[in-house]
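Working notes, structure below.
The values are calculated or read from the model by the stated rules, or taken from the named source; none is laboratory data. Owing to the predicted nature of the structure, the values given are computational and were not obtained by experimental measurement. Note: ideal-geometry Cβ built from the backbone for every residue, glycine included; neighbour counts use all protein chains shown.
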Amino acid sequence: MNNITITQNASQFAMNKVEPKITVMDCWIHILCFVSILLIGADRWGLNVGVNLRLDQVFLCIFTLLLVFRNRFWLTWNSWIVLFILSGFISALGAVSLKRGALFYCSIIYNVIFLFYAFESYVRAYGIKKLISIFRKTLYTQFCIMLLQVILKIGGGMELPYLPSYGEYLGIPRFSLWFYEPSYLTTYLSFWFAMSLYMLLIGKDRSYGKDILMALIMFLLATSTTGFLAIILSCCVVYLLWICKGITLKKLIFPCIVVVAFLVFRFGFSSIYEVFFARLFNQSLDSASGGRISLWAETWKVFIENPLFGVGPGNYGLYLGQEAGRVPSNVTLELLATLGIFATIAFYGLTLALCIQAVRLNKQIHGTESRLLAACAVALLIFSIVLQANQGYLRLYHWLFFGVLSGGIRQLKMRKS
């Protein structure tokens, strides 16, 4: 099929001028979408082949192939994506280890095709409402699994097969589902929490109240300081956006609710508060971050020595003469040190471009889709800030969020035209 026909079909789907027949393959696409998103943080379930080949990546491949077979997959031009790919390629060519650089570059291409373009295509074909509905259901499922983990661990000292708890710290059990560690889980949850808070307060959708409650419980059970920072940041940002639309009694009551919730946390879960939250104030920022901040100077020095294209994707540790698994402790510094300034500009250029376009469309088009798009834009910005507490520009769910926003923007633009 030529490009003109593909674009016309995509426009017809978005404008609902054509009601595509629901097929068995469509049902399988939705099922694979659910499974792929459900397991998208399964860092522990994978096979090391130079890079970590994970179970969720296998499902994402099948999901993308089904979109292709159903003629629901489109490759579109995105200048920021092109710049990121080209910069990454040049960086990989000059890497300390060409083999390792090539493997990590393949991961970049994988994320672009099987996450960014796959979910952009899914949203264009089936709508952002459908995607967000599936996204929420996966998180409800994760919530139930996490509760089961907690009940088995605390109630009987048992663990789920292949899904153990993260362990204990100062006698406090910690949980992270299948994510690498609690901070990874809470970084992912930050997008859900921020989006849900936006939809509840600004989008006036009360159904997101249960999402907020579930997310808060999961933050609490994960016991990650990163999660508590995500809650504070989300509440501050969304509340400021909310009151900018006018002051009402309801909006003045909201801070009181937050204070009451904090007091419940402070006195109802005092051990978690003292160990994982109060350390933000009782210790230095470096100690509270587990020593991550003290490593930033080292990474900055690596960038200064290799400013244009970095030391190569995945080659940070090798450049320092240490083990290959050594990585920076901040995602922006990781981009600068390993891929260089151009790739970093492209990465955050993509982030800002998607968010700005989403907010503009929400002002021009009023409806559930536009509100969801704006909520995802705010959530992506908050997620990006929370992510600075750790490394990982190739996190699958990050590129999922990119794809969802890009697909939602294209969907609304075609409807607008």
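Return yes or no: is Phe73 surrounded by 19 or more Cβ atoms within 10 Å (Cβ to Cβ), in contact with a helix residue (DSSP H, G or I) (Cβ under 7 Å, 6 or more places away or on another chain), in contact (Cβ under 8 Å) with a residue 24 or more places away in the chain and assigned to a helix (DSSP H, G or I)?
The answer is no for Phe73.
Just wondering, is there one or more residues in the stretch 160-176 that are within 16 Å of the chain's Cα centre (by Cα), in contact (Cβ under 8 Å) with a residue 24 or more places away in the chain, surrounded by 20 or more Cβ atoms within 10 Å (Cβ to Cβ) and not in a helix (DSSP H, G or I)?
yes
Please find, within the stretch 207-226, the residue that is surrounded by the fewest Cβ atoms within 10 Å (Cβ to Cβ) out of those that are of a type in the set (Gly, Ala, Ser) and at pLDDT 95 or above.
Among them, the one singled out is Ser207.
Let me confirm something: among Ile81, Ile62, which residue is assigned to a helix (DSSP H, G or I) and touching a residue at least 40 places away in the same chain (Cβ under 8 Å)?
Sole residue among the options that is assigned to a helix (DSSP H, G or I) and touching a residue at least 40 places away in the same chain (Cβ under 8 Å): Ile81.
Which of (1) within 30 Å of Arg72 (Cβ to Cβ); (2) at pLDDT 95 or above is the odd one out, the single condition Ser91 does not satisfy?
Failing condition for Ser91: (1).
Given the residues Leu387, Leu381, Leu400, Leu405, which is the only one that is within 29 Å of Tyr180 (Cα to Cα), touching a His at 6+ places or on another chain (Cβ under 9 Å) and in a helix (DSSP H, G or I)?
Exactly one of Leu387, Leu381, Leu400, Leu405 is within 29 Å of Tyr180 (Cα to Cα), touching a His at 6+ places or on another chain (Cβ under 9 Å) and in a helix (DSSP H, G or I), namely Leu387.
For the condition polar (S, T, N, Q), over 24 Å from Leu86 (Cα atoms) and assigned to a helix (DSSP H, G or I), what is the one hit in Ser329, Ser370?
So the residue among Ser329, Ser370 that is polar (S, T, N, Q), over 24 Å from Leu86 (Cα atoms) and assigned to a helix (DSSP H, G or I) is Ser370.
Quick test for you: out of Phe193, Phe119, pick the one residue that is crowded, with 22+ Cβ neighbours inside 10 Å and under 30 Å from Ser271 (Cα atoms).
The conditions single out Phe193.
Applying the selection to the stretch 98-152, what residues are within 19 Å of Arg395 (Cα to Cα), modelled with pLDDT of 95 or more and polar (S, T, N, Q)?
Asn111, Thr138, Gln142
Has the stretch 355-370 got at least one residue that is in contact with a Phe, Trp or Tyr (Cβ under 9 Å, 6 or more places away or on another chain) and not polar (S, T, N, Q)?
no
Give the residues of the stretch 338-365 that are part of a loop (DSSP other than H, G, I, E, B) and either without any contact (Cβ under 8 Å) to a residue 40 or more places away in the chain or surrounded by 23 or more Cβ atoms within 10 Å (Cβ to Cβ) (or both), sorted by residue number.
Within the stretch 338-365, Leu339, Gly340 qualify.
With respect to Lys204, is the statement that it is at pLDDT below 95 and basic (Lys, Arg) true?
yes
Name the pairs: first residue in the stretch 313-337 and without any contact (Cβ under 8 Å) to a residue 12 or more places away in the chain, second residue surrounded by fewer than 19 Cβ atoms within 10 Å (Cβ to Cβ) and part of a helix (DSSP H, G or I), Cβ to Cβ under 7 Å, at least 6 apart or on different chains?
Pairs that qualify, where the first residue is without any contact (Cβ under 8 Å) to a residue 12 or more places away in the chain and the partner is surrounded by fewer than 19 Cβ atoms within 10 Å (Cβ to Cβ) and part of a helix (DSSP H, G or I), are Glu323/Gly317; Gly325/Gly317; Arg326/Gly317.
Exactly one of these conditions fails for Asn48: (1) modelled with pLDDT of 95 or more; (2) closer than 29 Å to Gly321 by Cβ; (3) more than 18 Å from the chain's Cα centre (by Cα). Give me its number.
(1)
Here are Leu177, Leu213: which of them is closer than 25 Å to Arg395 by Cα and either touching a Pro at 6+ places or on another chain (Cβ under 6 Å) or hydrophobic (A, V, I, L, M, F, W, C) (or both)?
Of the residues listed, the single one that is closer than 25 Å to Arg395 by Cα and either touching a Pro at 6+ places or on another chain (Cβ under 6 Å) or hydrophobic (A, V, I, L, M, F, W, C) (or both) is Leu177.
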